[in-house]
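In what follows, a structure is listed as C-alpha cells, so that the remarks can point back to it.
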Amino acid sequence: MSKAFMRKAALPLFGALMLAGVAGCGNRPDLIIGAQTFTETKILAEMYKTLIEQKTGLEVKVIPDLAASPLVLNALDREDIDLATLYSGEIFNNHFPIEQTKERAAVLRQAQEGFDKYYGFDWMDPLGFENTYAFTVREQVAKEKGYKTISDIKPDAATMRFGVDTSWLERVSDGYPAFQKEYGITFAKAFPMELSLVYTAVKNEQVDIVLAYSTDARLKAFQLKTLEDDRQFFPPYDASPVMRKEMQERYPGVKEAIQPLIGMMDINTMVDLNYQVDIEKKSEREVALAFLKQKGLIQ
C-alpha cells in the first residue's frame with residue numbers, strides 16, 4: 001500500500017498560508033519545525049531548534065499554531081516541515097491498518113513501524129510523558145478520601161458531580177458509555193461544558209470530579225490531583241519527536257542533536273514547563289532555554 005493511504009483532509013487555510021509563506025519565500029531555512037496550538041509542543045519545538053542549531057550549525061525555523069495533528073502530518077508529508085512532536089495514540093485516527101490495543105509499548109511500536117512504512121517518517125522513542133485524558137479531583141479531596149486511582153472513587157461515584165467535555169459524553173469507543181461499562185462507575189450527574197472550563201468548575205467546587213488533560217498547567221495552578229487510569233481505559237498518547245527520514249539522511253546530525261531529550265521529561269516536568277508559560281507568562285523560548293541549561297545540554 002502506498003503512503004497515500006490517507007490523504008483525507010485539506011490543510012486548514014491559516015496553517016496552509018503560513019507554510020506556503022515559508023516554502024515560497026525563496027530562502028527556506030535548512031530545517032522547519034512545526035508545532036501545534038498547545039503550549040508544550042511550542043516549548044519542545046524551541047528545545048529542538050536550540051539543540052539542532054548549536055550542535056549542527058543548521059538554520060532552523062519554528063512554525064507555531066498548526067491547528068492539529070492532521071495538519072502537522074500533512075505538512076510533514078508535503079515536506080513543508082521537517083520535524084514535530086506527535087503522540088503515539090495518533091495511530092487510532094485511521095492513517096493505516098493497526099492492531100487494536102491499549103498496551104503502551106504495542107501502540108508505540110505500531111506508530112513507529114506504521115509511520116515509517118506508509119509515510120517515511122522516523123518516529124523516535126518517547127520524551128518521557130504522555131498527554132491524554134485524565135480524571136481529576138481537588139488535591140484536598142483526594143487526600144481526605146484516599147483517592148489514587150479511578151477505581152478508588154467507585155464507592156462515592158453515585159453522589160459525585162462530573163464536569164466533562166461535551167463531545168466525550170457521546171463518543172462510542174472511549175467516551176462515557178464505554179467508561180461506565182469498563183469501570184462500573186456512573187456519576188450522580190454529568191455537566192457538559194467547554195474543556196477549558198472544567199478546571200475552574202472543580203476548583204470552585206461546582207463539580208467534584210472532571211475529565212482534564214494530563215499535562216495541563218491548570219492541574220498545578222488549581223492544585224488538582226490526577227487519578228491513575230488503573231484499568232487502562234484511555235489509549236496511551238506518548239509524546240515523541242517525529243521527522244522525515246529524507247531530511248534525516250540529508251542532515252544526519254539532527255537526530256543525534258535532539259536524542260538527549262528522549263526519556264528526559266516525565267509528566268510532572270511537562271506540567272511544570274507548561275505552567276511557566278501559561279500561568280507565569282514566560283515565553284516558550286525562555287522556558288525551553290532554561291530547561292536545557294538546567295539539564296546541562298547547553299551552556
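Comparing the chain with the 2.2 N^0.38 Å rule of thumb, its C-alpha radius of gyration ratio is 1.05 (two decimals). Cross-link partners for Lys181 among the aspartates and glutamates, with Cα-Cα distance under 20 Å and sequence neighbours closer than 8 places in the same chain left out: Glu103, Asp152, Asp156, Asp165, Glu170, Glu228, Asp229, Asp230. Taking Arg171, Arg161, Arg285 in turn, the Gaussian network model of the chain (Cα-Cα springs below 10 Å) assigns the largest fluctuation to Arg171. Expressed to the nearest 5 percent, the antiparallel share of DSSP beta bridges inside the chain is 55 percent. Magnitude of the charge dipole for the chain, about its Cα centre and with charges confined to Cβ atoms of Lys, Arg (+1) and Asp, Glu (-1), is about 200 debye. A straight Cα-to-Cα reach below 17 Å connects Lys293 with the aspartates and glutamates Glu46, Glu53, Asp272, Glu284, residues fewer than 8 places away in its own chain not being considered. As a length-normalised measure over Cα pairs under 8 Å and 6 or more apart, the relative contact order of the range 38-86 settles at 38 percent. Rounded to the nearest 10 square angstrom, Asp30 shows an accessible area of 50 square angstrom against a 1.4 Å probe. Ignoring any ligand, DNA or RNA, what whole percent of the accessible area of the range 157-299 comes from carbon and sulfur when the probe is 1.4 angstrom? Answer for the range 157-299: carbon and sulfur cover 47 percent of the accessible area. Calculated accessible area for the chain comes out at 46 Å² per residue, all protein chains present (probe 1.4 Å; ligands, DNA, RNA ignored).
Figure note: Asp156, Asp122 ranked by solvent-accessible area, largest first, 1.4 Å probe, ligands and nucleic acids not counted: Asp156, Asp122.
Placing a label point 7 Å from the Cα of Lys154 along the Cα-to-Cβ direction, the residues of the range 169-206 whose backbone N falls under 11 Å from that point are 182-186.
At a Förster distance of 35 Å, what's the computed FRET efficiency of Thr200 paired with Asp116, Cβ-Cβ distance as r, to 0.05? The calculated FRET efficiency here is 0.25. Length gained on full extension, Val172 to Glu228: 18.0 nm, using 0.36 nm per residue less the C-alpha separation.
Calculated FRET efficiency, Ala106 to Glu144, Cβ-Cβ distance, R0 = 45 Å: about 0.75 to the nearest 0.05. With no solvent and one equal point scatterer per Cα, compute the Debye intensity ratio I(q)/I(0) for the range 89-169 at 0.14 Å⁻¹ and report its log10, rounded to two decimals. Results for the range 89-169 at q = 0.14 Å⁻¹ read -0.70. Remark on Ile81: its backbone amide H falls under 5 Å from those of Leu76, a criterion applied only to residues 5 or more positions apart or on other chains, H modelled at 1.01 Å from N.
Please enumerate, by chain and number, the lysines with C-alpha under 16 Å from the C-alpha of Lys281, excluding those fewer than 8 residues away in the same chain. In chain and number order, the partners are Lys42, Lys220.
The values are calculated or read from the model by the stated rules, or taken from the named source; none is laboratory data. Because the structure is a prediction, the values reported are computed rather than measured. Note: ideal-geometry Cβ built from the backbone for every residue, glycine included; neighbour counts use all protein chains shown. With ligands, DNA and RNA removed, areas are computed over all heavy atoms of the protein, side chains included. Shrake-Rupley method; radii C 1.70, N 1.55, O 1.52, S 1.80 Å.
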